[in-house]
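The values are calculated or read from the model by the stated rules, or taken from the named source; none is laboratory data. Since this is a predicted model, take the numbers as computed values, not measurements. Every residue, glycine among them, receives a Cβ derived from its backbone with ideal geometry; neighbour counts consider all protein chains shown.
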Amino acid sequence: MTYCVGLFLDEGLVLLSDTRTNAGVDHISTFSKMHVEEVPGERMLAMLSSGNLAISQAVWNRLQEGVWLDSERHTLRDVPTMFRAAQLVGAAVRAVFDADGPSLRAQGIGFDVALLLGGQIAGQPHRLYMVYAAGNFVEATADTSFLQIGEHKYGKPILDRAVTPGISLADGVKLALISMDGTLRSNLTVGMPLDLLVVRAGTQRVALRKRITEDEPYFRLVREGWERALRDAYAAMSVPDWV
């Protein structure tokens, strides 16, 4: 499995993914689930994936070669808007389903894929989408300023409580890492290292791209500090007077 999260903030985007892929308890591998298409100053788009690795890789390769959309062949390097980019990713998902779906079904394998697409094209606002296995998608908004795919339930509570569009990108990175740490702690199918991407609104370029390993000092600080803060908060709360 996997866990990917995207934060849609006024200042830009924070995207974080793990790298664990497993096909059983004795077949665990590391694959990046973050793909980036960047023309600095003109466009920056990133796609994060969960589900069947072969499907998500096929989707990305089709996007590189070109996908038919409304009788025209496009890639992420030439679509005119982020909305059209999300449509293109959906079309690529459906194309992979048309090609591989019957064979997967014959083997008793479901068509399991979910994608996050975020970025900005010059002259337009930054946007963040979640694309489903059917090729349709939803968009993050000021009311719902983060999207998750994969094993999302463990990392969701902190985001529900703390993420608002107005927080800084730095705070967004911190919250995304806390969310990921909660998932790593509770689910063995999600694993290190992590891939982090930060995009500052209005720049159409990667502001920060970082591979985070177990040895990363700041991630250890977040992990240990959050665990200690939770214990302290629990200890500081009074017990019920009816116990």
- Note: among Gly108, Gly90, Gly123, just one is within 30 Å of Asp10 (Cβ to Cβ) and either part of a strand (DSSP E or B) or free of Cβ contacts under 8 Å to residues at least 12 places away in the same chain (or both), namely Gly123
- Kindly list the number of the only condition in (1) at negative phi; (2) surrounded by fewer than 20 Cβ atoms within 10 Å (Cβ to Cβ) that fails for Leu116. (2)
- Task: Enumerate the pairs (first residue in the range 39-65 and part of a loop (DSSP other than H, G, I, E, B); second residue anywhere and among the small types (Gly, Ala, Ser)) with beta-carbon separation below 9 Å, excluding pairs fewer than 6 apart on the same chain, so at least 6 apart or on different chains.
- Result: Gly41/Ala122; Glu42/Ala122; Asn52/Gly110
- Among (1) under 18 Å from His74 (Cα atoms); (2) in a strand (DSSP E or B), which single condition is Ala114 missing? (1)
- Output for the range 130-139, where each listed residue is part of a strand (DSSP E or B) and either out of contact with any Gly (no Cβ under 9 Å at 6 or more places or on another chain) or closer than 18 Å to Leu69 by Cα (or both): Val131, Phe137, Val138, Glu139
- Task: Using the structure shown, decide if Phe97 is under 30 Å from Leu188 (Cβ atoms), surrounded by 17 or more Cβ atoms within 10 Å (Cβ to Cβ) and among the aromatic types (Phe, Trp, Tyr).
- Result: yes
- Message: Looking only at the range 2-61, filter to residues that are within 14 Å of the chain's Cα centre (by Cα) and of a type in the set (Ser, Thr, Tyr); which one of those is nearest to Thr183 (Cα to Cα)?
- Response: Tyr3
- Query: Restricting the search to the range 15-30, which residues are assigned to a loop (DSSP other than H, G, I, E, B) and either modelled with pLDDT under 95 or in contact with a Cys (Cβ under 7 Å, 6 or more places away or on another chain) (or both)?
  - Reply: Ala23, Gly24, Val25, Asp26, His27
